[in-house]
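Before any comments, here is the structure.
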Amino acid sequence: MIGTVYKSTGSWYTVKTDDGVFYDCRIKGKFRLKGIKSTNPIAVGDRVSFDLEKSGDETNATITEIKDRKNYIVRKSVNLSKQTHIIAANLDQVFLMITLNNPQTFTSFIDRFLVTAEAYGIPAVLLFNKIDSYDEDELLDVKYLAALYRSIGYTCVGISAKTGKNVDKVKEMMTGKISMFSGHSGVGKSTLVNTIDKELNIKTKEISEQHMQGQHTTTFAEMYDLDFGAQIIDTPGIRGFGIVDMGKEEIGDYFPEFFALKSECKFNNCLHIDEPKCAVKDALENDEVAWSRYKSYVQMITGEEENYRQDIYGDKK
């Protein structure tokens with residue numbers, strides 16, 4: 001039998017078949033996935049094969065195979081620093097919810113998220129939430145940021161999960177797709193999900209600052225079917241998207257505007273830091289590349305990505 005993993009608890013997996021029947025499955029032995037040092041071999045969103053065995057009155061289900069993934073997204077494992085935890089697989093898109101304040105989402109966090117999405121081949125959409133609560137100056141900040149990311153090629157939507165403004169646009173983008181929502185604790189993720197589908201009522205806990213720093217044990221994602229033909233993977237708090245197993249020389253390739261200029265650099269292995277005749281630095285000086293994006297890139301290259309909450313809005317010095 002074949003189905004999709006809807007929930008994982010580490011030892012049990014809830015799998016839904018294509019005809020809508022749910023089975024609780026275990027795995028037999030160990031799955032070794034090429035090239036992935038992961039704490040969890042099977043993730044929500046995985047397509048799997050499983051066998052049913054009758055044992056008296058009980059039916060036991062055992063996963064026997066993981067189908068090839070079109071993509072997956074990871075974070076650093078909480079307990080094992082050299083390993084990763086696969087958050088979800090086979091995503092059609094990820095939505096990052098952004099707020100200017102309460103809490104503030106810094107551009108460096110947005111850029112880390114986008115680099116991760118690019119690296120794993122997952123289209124990303126930026127949702128600027130709480131636009132009903134901003135004053136005139138704050139709305140200008142939102143427009144500036146949205147224009148910046150749109151110019152790179154990302155879809156940006158200003159929404160209010162509270163009032164429902166532009167939620168219909170989000171639903172339209174979600175229809176027929178598997179989506180994941182992410183963002184800092186307090187950005188309104190659970191409010192938006194419950195506005196999108198009132199029957200769902202996901203009880204998303206507000207994640208403490210301590211949890212954001214990865215102090216707690218691993219929690220698990222879960223997939224839900226929505227009433228308008230969409231699916232959502234709800235993820236508990238994700239410690240900042242780690243630049244996992246990414247060489248310095250490839251990080252720039254996940255900044256689309258840098259990648260577009262790469263061929264114009266004098267050196268084909270240019271890191272856009274100290275090298276002469278660098279097209280990215282020239283574009284930076286000519287205000288053709290955003291300084292906030294370049295600062296985020298330098299943080300990642302120099303290994304200072306743990307400080308991704310620094311305020312670099314519009315800071316050009």
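The values are calculated or read from the model by the stated rules, or taken from the named source; none is laboratory data. Being a predicted model, the structure only gives us computed values, none of them experimental. Here the Cβ is made from the backbone with ideal geometry for all residues, glycine too, and neighbour counts use every protein chain on show. To get the accessible areas, we keep the full protein, side chains included, count just its heavy atoms, and leave off ligands, DNA and RNA. Shrake-Rupley method; radii C 1.70, N 1.55, O 1.52, S 1.80 Å.
Worth pointing out:
- In the condition set (1) in contact with a Leu (Cβ under 9 Å, 6 or more places away or on another chain); (2) without any contact (Cβ under 8 Å) to a residue 60 or more places away in the chain; (3) more than 30 Å from T4 (Cβ to Cβ), T107 is compliant with all but (2).
- Contact map, the range 135-154: residues that are under 13 Å from R293 (Cα atoms) paired with residues that are modelled with pLDDT of 95 or more and part of a helix (DSSP H, G or I), Cβ distance under 6 Å, separation 6+ or inter-chain. Pairs shown: I152/P256; I152/E257.
- For the range 162-172, the criterion of being part of a helix (DSSP H, G or I), small (G, A, S) and loosely packed, with under 14 Cβ neighbours inside 10 Å is met by no residue.
- Residue pairs whose Cβ atoms lie under 6 Å apart, separated by 6 or more positions or on different chains, with the first residue in the range 54-68 and in contact (Cβ under 8 Å) with a residue 12 or more places away in the chain and within 12 Å of D24 (Cα to Cα) and the second acidic (D, E) and in a strand (DSSP E or B), are N60/E53; T62/D51.
- Residue within the range 82-90 that is open to solvent by 30 Å² or more (accessible area, probe 1.4 Å), farther than 23 Å from T175 by Cα and aliphatic (A, V, I, L, M) present: no
- Residue within the range 101-115 that is assigned to a helix (DSSP H, G or I), touching a helix residue (DSSP H, G or I) at 6+ places or on another chain (Cβ under 6 Å), among the polar types (S, T, N, Q) and farther than 30 Å from I66 by Cβ present: yes
Residues checked against (1) under 17 Å from the mean Cα position of the chain (by Cα); (2) of a type in the set (F, W, Y); (3) modelled with pLDDT of 85 or more:
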{"position": "T175", "(1), (2), (3)": "no, no, yes"}
{"position": "S179", "(1), (2), (3)": "yes, no, yes"}
{"position": "T204", "(1), (2), (3)": "yes, no, no"}
{"position": "G214", "(1), (2), (3)": "yes, no, no"}
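- Top-ranked residue in the range 62-99 [being polar (S, T, N, Q) and outside any loop (DSSP other than H, G, I, E, B); ranked as modelled with the lowest pLDDT]: T84
- Residue match in the range 178-195 (condition: surrounded by 14 or more Cβ atoms within 10 Å (Cβ to Cβ), aromatic (F, W, Y) and outside any strand (DSSP E or B)): no
- Residue check, D111 among the charged types (D, E, K, R), modelled with pLDDT of 95 or more and buried (at least 17 other Cβ atoms within 10 Å of the Cβ): no
- Within the span defined as the range 127-147, one or more residues are basic (K, R), open to solvent by 10 Å² or more (accessible area, probe 1.4 Å) and assigned to a helix (DSSP H, G or I).
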